[in-house]
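**Q** Structure provided below as structure tokens; questions to follow.
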Amino acid sequence: MKVYLETYGCQMNVADSELIRSILVEAGHELSPQVDDSDVVLVNGCAIRENAYRKTYGRLDLLRPLRLERQRESRPFVVGVLGCMAQNMKEALFRHPVVNLVAGPDSYRALPDLIAKAGRPKEGGHRSGRRPKIKKEIDADLSIVETYSGVEPLRFDGVNAWVVVMRGCDNFCTFCVVPYTRGRERSRPKDEVLEEVQGLAEEGFKQVTFLGQNVNSYRTEGASFADLLLGAAEVPGIERVRFTSPHPKDFPEPLLEAIAAHPKICSHIHLPLQAGSDRILDLMKRTYTRTEFLSLVDQIRATIPNVALTTDLIVGFPTETEADFQDTFDMVERVGFDSAYIFKYSERIGTIAARDFPDEVSPKVKTDRIVRLFDLQHRIALEKNRDKIGKTFEVLIEGEAEKRVGHQIGKTEGHMMVVFPSTGLPPGALVPVEIKEASPAALFGEALRLSVLNA
Ligand code: 5AD
Ligand code: SF4
């Protein structure tokens, strides 16, 4: 069958879609670049916030005419919802008239079988003269062991490869749905991961990004997360090793030292703070106080010179007062993050917060707080980026700049986007770029010493 797959949400979903493609192609399906002539449409959906839901539902609504057309033609048509959204909503997704397949993040090996069953018309309807009934198939059982060992992801990007090293989360932060949609933590054996990295280097990938819901909680018998990073950094051909998303609770000194010691392990740490008030941090069950977070930041900066720090923040968590918000504002000012993802609290069914704390901060107050925090973060990022003017950074070229003709884009080690006049070098090349201009979200510069690099 021709399968069209669309992905929403975080990098884990992007990486999962690479596994899904591989499983489907292995089973004899053909991948299709467009919906219209597909027999199967799969939407790998996200559940983390309400707007992620809305996006997926909007997508499903657009498939209604096609569902009706296929029903008229008595042609099989499977519409499946996958990923965290599938796990979270399970059978409730069948209430949407186009959906007839639901598969959670630990059920992808069963997809070929589910598709085959869902694609067969239900017996009876056709013979009695009515339209054939749509069959509905679901597999949303979480596993404690599934790591998709032996499935080789089918990747498209040629510079960066996502490598899932652990799955699941045991933290149960009170606002978060992930522990319920992704299940318990489990890590892949170090040798298996490093073999994959070796293969990626041979295919020409220059960067690997280790992924996990709590990537730095990675541990197996005999290997720590630091061992894994160091192992990958030693693979010939790999120029950069990154990881996301970690939890502040799992940064032992040897991990920081590994990042500092190895030039190929990028000096960039995404350190989700979420909130700046101790009372809210406690209600969120984040397991650190603001003082502890600040001392971790000090320790990181002392160990890894020029480290880039980025973060996630939530405004409007239940009971958040103006004083609590000021604490978040104050923490953002004190730490000076290089960039931040800022979200309005969004109540997720099934979470501890949804059970225990009413979502009482008004939408207006949430908007007001998020705007103030955006403004602050913009100011900080602009200041930090302006400090980079006149300095030279090594940039990994990703490709052509979409918005500036004749320019390329790439990233610094600190994950800052850089735009510069095209060098003629291919994506994956490393090039020194002198920074000439800065905005809060990007740097603009000129590549240096191209003759040396081209030689
Ligand atoms: N509401 C708002 N933001 C959330 N996040 C996770 N759950 C929620 C929620 N219910 C944010 C956190 C997390 C990021 C991936 O998404 O900041 O770090
Ligand atoms: Fe969600 Fe907290 Fe786990 Fe991150 S650590 S995935 S925020 S429960």
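The values are calculated or read from the model by the stated rules, or taken from the named source; none is laboratory data. No experiment lies behind these values; they were computed from the predicted model shown. No Cβ is skipped: glycine too gets one built from the backbone with ideal geometry, and neighbour counts run over all protein chains shown. Remember, those area values only see protein heavy atoms, side chains included, never the ligands or the DNA or RNA. Shrake-Rupley method; radii C 1.70, N 1.55, O 1.52, S 1.80 Å.
**Q** Specify the residue that is farthest from the chain's Cα centre (by Cα); the eligible residues are those in the range 133-159 that are part of a strand (DSSP E or B) and surrounded by fewer than 20 Cβ atoms within 10 Å (Cβ to Cβ).
**A** First, the residues of the range 133-159 that are part of a strand (DSSP E or B): 133, 137-139.
Then drop every residue that is not surrounded by fewer than 20 Cβ atoms within 10 Å (Cβ to Cβ), which leaves 133, 139.
Values: 133: 37, 139: 23 Å.
If we take residues in the range 133-159 being part of a strand (DSSP E or B) and surrounded by fewer than 20 Cβ atoms within 10 Å (Cβ to Cβ), then 133 is farthest from the chain's Cα centre (by Cα).
**Q** Quick one: is residue 364 under 26 Å from the mean Cα position of the chain (by Cα) and more than 20 Å from residue 171 (Cβ to Cβ)? Let's see the steps before the verdict.
**A** Working: under 26 Å from the mean Cα position of the chain (by Cα): no; more than 20 Å from residue 171 (Cβ to Cβ): yes.
So residue 364 fails the test.
**Q** When the residues of the range 352-361 are narrowed to those that are away from ligand 2 (no atom under 16 Å from the Cβ) and open to solvent by less than 70 Å² (accessible area, probe 1.4 Å), which ends up nearest to the chain's Cα centre (by Cα)?
**A** 359
**Q** Scan the range 45-89 for residues that are under 23 Å from residue 2 (Cβ atoms) and open to solvent by 50 Å² or more (accessible area, probe 1.4 Å) and report the count.
**A** Going through the range 45-89 one residue at a time, the tally reaches 11.
**Q** Taking the range 410-428 as the search range and keeping residues that are surrounded by fewer than 20 Cβ atoms within 10 Å (Cβ to Cβ) and hydrophobic (A, V, I, L, M, F, W, C), which one is nearest to residue 340 (Cα to Cα)?
**A** Ranking the qualifying residues of the range 410-428, first place goes to 417.
**Q** Identify, by number, the condition in (1) in a loop (DSSP other than H, G, I, E, B); (2) surrounded by fewer than 17 Cβ atoms within 10 Å (Cβ to Cβ); (3) away from ligand 2 (no atom under 16 Å from the Cβ) that residue 295 doesn't meet.
**A** Every condition holds for residue 295 apart from (1).
**Q** What is the number of the single condition among (1) of a type outside the set (S, T, N, Q); (2) in contact with a helix residue (DSSP H, G or I) (Cβ under 6 Å, 6 or more places away or on another chain); (3) free of Cβ contacts under 8 Å to residues at least 60 places away in the same chain that residue 146 does not meet?
**A** Checking residue 146 against (1) of a type outside the set (S, T, N, Q); (2) in contact with a helix residue (DSSP H, G or I) (Cβ under 6 Å, 6 or more places away or on another chain); (3) free of Cβ contacts under 8 Å to residues at least 60 places away in the same chain, the one that fails is (2).
**Q** Please name all residue pairs, on different chains or six or more residues apart, with Cβ atoms under 8 Å, provided the first residue is in the range 242-255 and is outside the structural domain of residue 168 (by TED's automatic domain parsing) and more than 16 Å from ligand 2 (Cβ to nearest atom) and the second residue is outside any loop (DSSP other than H, G, I, E, B) and of a type in the set (Val, Ile, Thr).
**A** none
**Q** A follow-up question, please. Scanning for something in a loop (DSSP other than H, G, I, E, B), open to solvent by 30 Å² or more (accessible area, probe 1.4 Å), closer than 23 Å to residue 221 by Cα and in the same structural domain as residue 244 (by TED's automatic domain parsing), does the range 176-187 turn up at least one residue?
**A** Taking every residue of the range 176-187 in turn, at least one turns out to be in a loop (DSSP other than H, G, I, E, B), open to solvent by 30 Å² or more (accessible area, probe 1.4 Å), closer than 23 Å to residue 221 by Cα and in the same structural domain as residue 244 (by TED's automatic domain parsing).
**Q** Taking the range 96-116 as the region of interest, how many residues are assigned to a helix (DSSP H, G or I), open to solvent by 10 Å² or more (accessible area, probe 1.4 Å) and touching a residue at least 60 places away in the same chain (Cβ under 8 Å)?
**A** Number satisfying all stated conditions: 2.
**Q** Being open to solvent by 30 Å² or more (accessible area, probe 1.4 Å), away from ligand 2 (no atom under 16 Å from the Cβ) and in contact with a Leu (Cβ under 9 Å, 6 or more places away or on another chain), is that true of even one residue in the range 274-286?
**A** no
**Q** Across the range 326-351, which residue is nearest to residue 439 (Cα to Cα) among those that are polar (S, T, N, Q) and more than 15 Å from ligand 2 (Cβ to nearest atom)? If you could, list the steps in order and put the result at the bottom.
**A** Within the range 326-351, the subset polar (S, T, N, Q) is 326, 328, 339, 346, 351.
Add one more test, that the residue is more than 15 Å from ligand 2 (Cβ to nearest atom), and what stays is 326, 328, 339.
Numbers: 326: 26, 328: 24, 339: 12 Å.
So the residue we want is 339.
**Q** Consider residue 295 carefully, then state whether it is among the small types (Gly, Ala, Ser) and without any contact (Cβ under 8 Å) to a residue 24 or more places away in the chain.
**A** Here the answer is yes, as residue 295 does meet what is asked.
**Q** Under 8 Å between Cβ atoms, which residue pairs at least 6 apart in sequence (or on different chains) link something in the range 163-190 that is more than 22 Å from residue 283 (Cα to Cα) and without any contact (Cβ under 8 Å) to a residue 40 or more places away in the chain with a partner that is within 8 Å of ligand 2 (Cβ to nearest atom) and open to solvent by 30 Å² or more (accessible area, probe 1.4 Å)?
**A** Qualifying pairs under 8 Å: 185/170; 185/213.
**Q** Still on this structure, I have one more. Look through the range 213-242, keep the residues that are part of a loop (DSSP other than H, G, I, E, B) and over 23 Å from residue 158 (Cβ atoms), and return whichever of them is most open to solvent (accessible area, probe 1.4 Å).
**A** So, considering only residues that are part of a loop (DSSP other than H, G, I, E, B) and over 23 Å from residue 158 (Cβ atoms), the one most open to solvent (accessible area, probe 1.4 Å) is 221.
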